[in-house]
Structure formats: C-alpha cells, structure tokens
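Undergrad: Dropping a structure here in structure tokens format, bear with me for questions.
The values are calculated or read from the model by the stated rules, or taken from the named source; none is laboratory data. Bear in mind the structure is a predicted one, so any value in this text is a computation, not a measurement. We place every Cβ from the backbone using ideal geometry, glycine too, and count neighbours over all the protein chains shown.
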C-alpha cells in the first residue's frame, strides 16, 4: 500500500461530521454572516462548549469574557474559529480508533505539545496571528493513527528506532512514506485548506530554500517535542543540526523557553480537548 491508499482507507474510517461540512460551506461562502456560522455551531452543544472554553483559556489571552459563539467569531476571527472547529471534529473522528487508551493519551499529549511549541515560537518571532499555528502541531502526526488503524504491525516496525535513527527516516524505510506525508494526504481527502496541508506535508524537509515560515516552525517544533518524548535519548545535534538552527532566528534559550511554555499550558489545553490524557499530569 502507498500513502494514497492509506489516506483513502482512513477517509472512509474517520469521517468528519455533517456539521463540519456545513460549517465549512458557510465559511467558504463570502455571503455568510457571523450569525449564520454561529447558528450552525450552536446546533452542536459539545462543539459550542469546546470553542467557548478554548476561547476563554489562557491560550488566547483575551482580557474580556467571550460568552457567545458570535462574539468568539468576532473576537478571534473566522479563520481561528474554523481551526477550533477542525480541532474538535478531528478529535471526534478518531474517537473510534482501535487502540489502547494509554497509547492515545500519549499520542494526544505529544500532539498538543507540538502545537503549543509551534504557537510559542511563532509568537516569539512575531509571526502574525501565531495562534493559527496551533492547528499545524495538533494535526501533524495523524498519519501515525492512520497506519495504526490500517496496519498496526507496520506501525510497530516503523516506531522501533534506535537512538541513532531518525523516526521519519525509519518510517520511510518501513512504509515508503512518513507519517507527515500520510497526515497531509488525509487532510487533503478531508478538503482542508492548503495553508494547513502544505506545512504538514513538508515537516520533515530540511531544505528550507522554498519553505514557508509555517513549515520551518513546524519542522522545529516537532523536533523540540520529540526531544522530550520518543527521542529523549537522541543527541540533540541529530535532531536539530547547527546548520538548521542557523537558518532560523532561534537560540538555545528560546528552545528552553518553548518547553517551559508547553509545561505551563499543556494541562489546560488537554483538559478541554482530551480530559483522559490530562489525567496523567
């Protein structure tokens, strides 16, 4: 099976709900109003509740109280609310995956960490609307869940790497593609925006010649996250070469600060998106 086969199988197994499709249609329709979008979101109380919790969390750091979906759209913007909708329905789509809860809790912890780190780095580097980067980190590794569901034995092989092997290189050797490439293909099947798909597809490309800022930051955030988890025994120089760091205005202090920010914010985000995973902290 190639990466497209996996993505097609996944798009049949993990389906975004009709509510998501309707919200996407409204957002794509320039004639839609804020109230039109809010009315459809309100039809799903769980979605509405999640959006309001996230909108009022320290993640957005809004000084006032956001108590309606219309206000959330007005304050955060349509694109950011759409990203929160994607977050909610992606989490929901993978609820039925055949996997042990410990594995899923660990998976979502790592995804949230990557999301928080990329958002932090974007803010430190004065990237406009850095909150939008969060969705890239959260979705960057969905391909692992896809492979787990379709070919669990293949995932075990791909995830068995030594401290001198890079995970994405082992994935290519075992599967013929990376989890990032599989993630991108699934998001393409879901018809998500190119601005989300492109950085996720390029997350393992260390040639920054034509890379967007989003791709570079996701590349970096993923490696910082992995240094705390699956690659904690790897030499940091293997994950992040000096040459790579020189191409980005990043220093060791900023990397440390990114991890500290993650430690501060992780629990509050997990408690909203995945309460089970939050229980391990």
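Undergrad: Is it the case that residue 7 is over 30 Å from residue 123 (Cα atoms), touching a residue at least 12 places away in the same chain (Cβ under 8 Å) and touching a helix residue (DSSP H, G or I) at 6+ places or on another chain (Cβ under 8 Å)? Full working, then the answer.
TA: Values: over 30 Å from residue 123 (Cα atoms): yes; touching a residue at least 12 places away in the same chain (Cβ under 8 Å): yes; touching a helix residue (DSSP H, G or I) at 6+ places or on another chain (Cβ under 8 Å): yes.
So residue 7 fits the description; yes.
Undergrad: In contact (Cβ under 8 Å) with a residue 24 or more places away in the chain and part of a helix (DSSP H, G or I): does that describe residue 98?
TA: Details: in contact (Cβ under 8 Å) with a residue 24 or more places away in the chain: yes; part of a helix (DSSP H, G or I): no.
Here the answer is no, as residue 98 does not meet what is asked.
Undergrad: Another question about this same structure. So which of 258, 235 is at pLDDT 90 or above and touching a helix residue (DSSP H, G or I) at 6+ places or on another chain (Cβ under 7 Å)? Lay out the reasoning, then the answer.
TA: Details: 235 fails: touching a helix residue (DSSP H, G or I) at 6+ places or on another chain (Cβ under 7 Å).
It is 258.
Undergrad: Go through region 132-166 residue by residue and tally those that are surrounded by fewer than 16 Cβ atoms within 10 Å (Cβ to Cβ) and part of a loop (DSSP other than H, G, I, E, B).
TA: 5
Undergrad: Run down 73, 40, 112 and say which single residue is closer than 22 Å to residue 134 by Cα, not assigned by TED's automatic domain parsing to the domain that holds residue 134 and not in a loop (DSSP other than H, G, I, E, B). First the steps, then the outcome.
TA: Working: 40 fails: closer than 22 Å to residue 134 by Cα; 112 fails: not assigned by TED's automatic domain parsing to the domain that holds residue 134.
Exactly one residue qualifies, and that residue is 73.
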